Amino acid sequence: MPQDTHRGLPALVMILLITGVISVTLAPIKIPWEGNSAPISGWNKKVGLAENFPVQMATADHKETAIYQNADGFEIYFSAAYFERQSPGKELIEITTARLHEDAEEMMIPIAGRSSMRVNKGIYQRNEQTHLVVFWYEMDGQVVSRWTDIKRLTLLNALTKRKTNGTLVVVSSPLGKREQATELLEKQLEFIRHFVSA
């Protein structure tokens, strides 16, 4: 077979994976946070109905939603949408996540005892309610902020590890006035630091 044809094979396989012409057999994956009741320092957890949360990932295989409240009564809406397998029409990067990225910018969160964590922060509108959101993706043990990196990792893992699982994590709070955003963000970042260390 000519050398040029060899070089073109990886690109051809990626195209076939994206279009669903061929598929991969998945390795068994443990669902993140399933049954996890580890306390988060300074925050009390209560049940939150999924339909009340700003970001809705209808095609996710598993969803974790909870409201966390601190001693001052401030509430954090936490949601995680886990995909066992991505396929056309059932992906981490779709219309909902595209809207999340529209008004978002990256930021670094210093985490005690570990390297900083890169996430996205932005404003998200749903049902006439504005929310301040901090969100990121988790794939193959990595925290990822950029949607382009999620696309790349999905293809890489499908080809090399035979799995395409991943999670979208969203921390949100209703926002009354834009000038409240700084105060809300400080509380969200405090929660995230405790959450990732729990």
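The values are calculated or read from the model by the stated rules, or taken from the named source; none is laboratory data. Note that the coordinates shown come from a computational prediction; the quantities given were computed from them, not determined experimentally. For neighbour counting, all protein chains shown are included, and Cβ atoms are generated from backbone atoms with ideal geometry for every residue, glycine included.
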Exercise for review: Hey, can you tell me all the residues within region 87-107 that are under 14 Å from the mean Cα position of the chain (by Cα) and not in a helix (DSSP H, G or I)?
Suggested key: GLU91, LEU92, ILE93, GLU94, ALA104, GLU106
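Inspect all residues belonging to region 131-138 and state whether any of them is surrounded by fewer than 16 Cβ atoms within 10 Å (Cβ to Cβ), free of Cβ contacts under 8 Å to residues at least 40 places away in the same chain and not charged (D, E, K, R).
So the first thing to find is which residues in region 131-138 are surrounded by fewer than 16 Cβ atoms within 10 Å (Cβ to Cβ), and the list is none.
No, because not a single residue in region 131-138 is surrounded by fewer than 16 Cβ atoms within 10 Å (Cβ to Cβ), free of Cβ contacts under 8 Å to residues at least 40 places away in the same chain and not charged (D, E, K, R).
Being closer than 30 Å to LEU156 by Cβ and not polar (S, T, N, Q) is the filter; apply it to region 54-77 and report the residue that is surrounded by the most Cβ atoms within 10 Å (Cβ to Cβ). Walk me through how you get there before you give the answer.
First, pick out the residues of region 54-77 that are closer than 30 Å to LEU156 by Cβ: 55-65.
With the extra rule that they be not polar (S, T, N, Q), the set shrinks to 55, 57-58, 60-64.
On the way: VAL55: 21, MET57: 23, ALA58: 10, ALA60: 19, ASP61: 14, HIS62: 14, LYS63: 15, GLU64: 19.
Ranking the candidates gives MET57 first.
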Exercise for review: List the number of the failed condition for PRO174; all other conditions in (1) closer than 24 Å to GLY89 by Cβ; (2) in contact with a Ser or Thr (Cβ under 9 Å, 6 or more places away or on another chain) hold.
Suggested key: (1)
Review point. What residue, of GLY35, GLY89, GLY20, GLY48, is at pLDDT 55 or above and either at positive phi or β-branched (Val, Ile, Thr) (or both)?
Key: GLY89
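If you go through region 108-152, how many residues are in a strand (DSSP E or B) and over 23 Å from TYR77 (Cβ atoms)? Talk me through it step by step, then tell me what you get.
In the first step, residues of region 108-152 are kept if they are in a strand (DSSP E or B); the result is 108-109, 117-126, 129-139, 142-144.
With over 23 Å from TYR77 (Cβ atoms) added as a condition, the list becomes 142.
Residues in region 108-152 being in a strand (DSSP E or B) and over 23 Å from TYR77 (Cβ atoms): 1 in total.
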Review point. In region 153-177, which residues are part of a helix (DSSP H, G or I) and either free of Cβ contacts under 8 Å to residues at least 40 places away in the same chain or of a type in the set (Val, Ile, Thr) (or both)?
Key: LEU153, THR154, LEU156, ASN157, THR160
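Listed residues ALA112, ALA80, ALA158; which is under 27 Å from PRO174 (Cβ atoms) and either hydrophobic (A, V, I, L, M, F, W, C) or loosely packed, with under 15 Cβ neighbours inside 10 Å (or both)?
Working: ALA112 fails: under 27 Å from PRO174 (Cβ atoms); ALA158 fails: under 27 Å from PRO174 (Cβ atoms).
The match here is ALA80.
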Exercise for review: From TYR124, TYR137, grab the single residue that is in contact with a strand residue (DSSP E or B) (Cβ under 9 Å, 6 or more places away or on another chain), among the aromatic types (Phe, Trp, Tyr) and either at pLDDT 90 or above or on the phi > 0 side of the Ramachandran plot (or both).
Suggested key: TYR137
